[in-house]
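Structure record follows, encoded as structure tokens.
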Amino acid sequence: MTRIDEIAPSVFRIATDVALPDGFGFSFNQYLIAADEPLLWHTGPRALHAATRDAIARVLDPKALRWIGFSHLEADECGALNLFLAEAPNARPVCGRIGAMVSVADLADAPPRALADGEVLDIGGARLRWIDAPHLPHGWDCGYLFDETAATFFCGDLFTQGGQNHAPLTEADILGPSEAFRAPLDYFAHAPDTRARLNALAELNPRTLACMHGSAWSGDGGALLRALGERVG
């Protein structure tokens with residue numbers, strides 16, 4: 001089942017719960033920014049393309065998508081990229097320069113907009129700053145978007161929460177559940193600068209964390225990112 005909820009002004013969380021083997025449940029979240037140049041952050045796996053597209057259609061015509069962005073190359077980040085590009089004739093992928101160089105320029109059916117660290121993409125209603133974050137939590141090409149307009153941080157695999165039926169937006173603890181999920185299958189690269197990078201992200205002082213798996217979160221995002229750094233740094 002797929003639902004769509006507005007978790008910040010003109011930012012919609014598209015969440016699909018999936019039952020996996022052994023009774024394990026997991027949620028896949030995409031985020032639609034309904035700006036003048038609409039942007040989809042994460043595409044979800046190819047198998048979820050139709051469900052995600054139908055959810056987008058409740059807000060705007062999927063053909064109107066202008067940008068399709070993602071943190072790093074992984075099926076749940078960009079598995080349906082070319083399917084969306086085929087439906088939205090003016091859309092282009094958005095990623096970091098490393099991602100464009102090593103993967104996206106070859107794999108995508110449209111040329112990517114490769115953003116430099118700190119570069120801002122103004123999509124009319126949202127100013128999105130790209131932040132290079134190699135190996136945080138994994139992937140040389142990893143990076144994130146921060147909406148300077150609404151202080152929303154699209155934080156990808158950070159604060160991944162297992163299970164299903166998550167509230168679209170919560171102020172409850174997500175660090176504890178995300179650390180419990182990480183414990184048995186640690187997906188962090190634990191690079192030498194992991195804690196320093198998390199502390200640098202904390203300086204953005206986000207008010208909303210748009211998590212890829214589980215609930216989005218509202219509160220003092222800087223404090224939560226520093227707390228994560230203490231756990232994994």
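The values are calculated or read from the model by the stated rules, or taken from the named source; none is laboratory data. The shown structure was predicted, so the numbers you read here are calculated from the model rather than taken from an experiment. Here the Cβ positions follow ideal geometry from the backbone for every residue, glycine too, while neighbour counts run over all protein chains shown. We work out accessible area using only protein heavy atoms, side chains counted, and drop any ligands, DNA or RNA first. Shrake-Rupley method; radii C 1.70, N 1.55, O 1.52, S 1.80 Å.
Taking the conditions exactly as written (farther than 25 Å from Trp140 by Cβ, surrounded by fewer than 17 Cβ atoms within 10 Å (Cβ to Cβ), of a type outside the set (D, E, K, R) and modelled with pLDDT of 95 or more), does Ala216 satisfy them or not? Spell out how you get there, then give the answer.
On the way: farther than 25 Å from Trp140 by Cβ: yes; surrounded by fewer than 17 Cβ atoms within 10 Å (Cβ to Cβ): no; of a type outside the set (D, E, K, R): yes; modelled with pLDDT of 95 or more: yes.
When the stated conditions are applied, Ala216 does not pass them.
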For this session: State whether the residues of the range 42-63 include one that is in contact with a Pro (Cβ under 9 Å, 6 or more places away or on another chain) and under 22 Å from Phe188 (Cα atoms).
Result: no
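Quick one: which strands (runs of 3 or more DSSP E) sit completely within the range 65-177 and have at least 2 residues that are basic (Lys, Arg), open to solvent by 40 Å² or more (accessible area, probe 1.4 Å) and touching a residue at least 12 places away in the same chain (Cβ under 8 Å)? Show your work before the answer.
Values: elements: 67-69, 92-96, 113-115, 120-122, 127-132, 143-147, 152-156.
Filter on the range 65-177 gives 127-132.
Here is a check on your reading of the model: is Asp22 in a helix (DSSP H, G or I), at positive phi and open to solvent by 10 Å² or more (accessible area, probe 1.4 Å)? Give the derivation first.
On the way: in a helix (DSSP H, G or I): yes; at positive phi: yes; open to solvent by 10 Å² or more (accessible area, probe 1.4 Å): yes.
Judged against the criteria, Asp22 is a match.
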Exercise. Going through the range 1-22 one residue at a time, which ones are in contact (Cβ under 8 Å) with a residue 40 or more places away in the chain, of a type in the set (D, E, K, R) and under 17 Å from Ile33 (Cα atoms)?
Worked result: Arg3, Asp5, Arg13
Exercise. Restricting the search to the range 179-209, which residues are in contact (Cβ under 8 Å) with a residue 40 or more places away in the chain, open to solvent by less than 20 Å² (accessible area, probe 1.4 Å) and not in a loop (DSSP other than H, G, I, E, B)?
Worked result: Thr194, Leu198, Leu201, Thr208, Leu209
For this session: Name the residue, out of Phe70, Phe24, that is touching a Cys at 6+ places or on another chain (Cβ under 6 Å) and of a type in the set (Phe, Trp, Tyr).
Result: Phe70
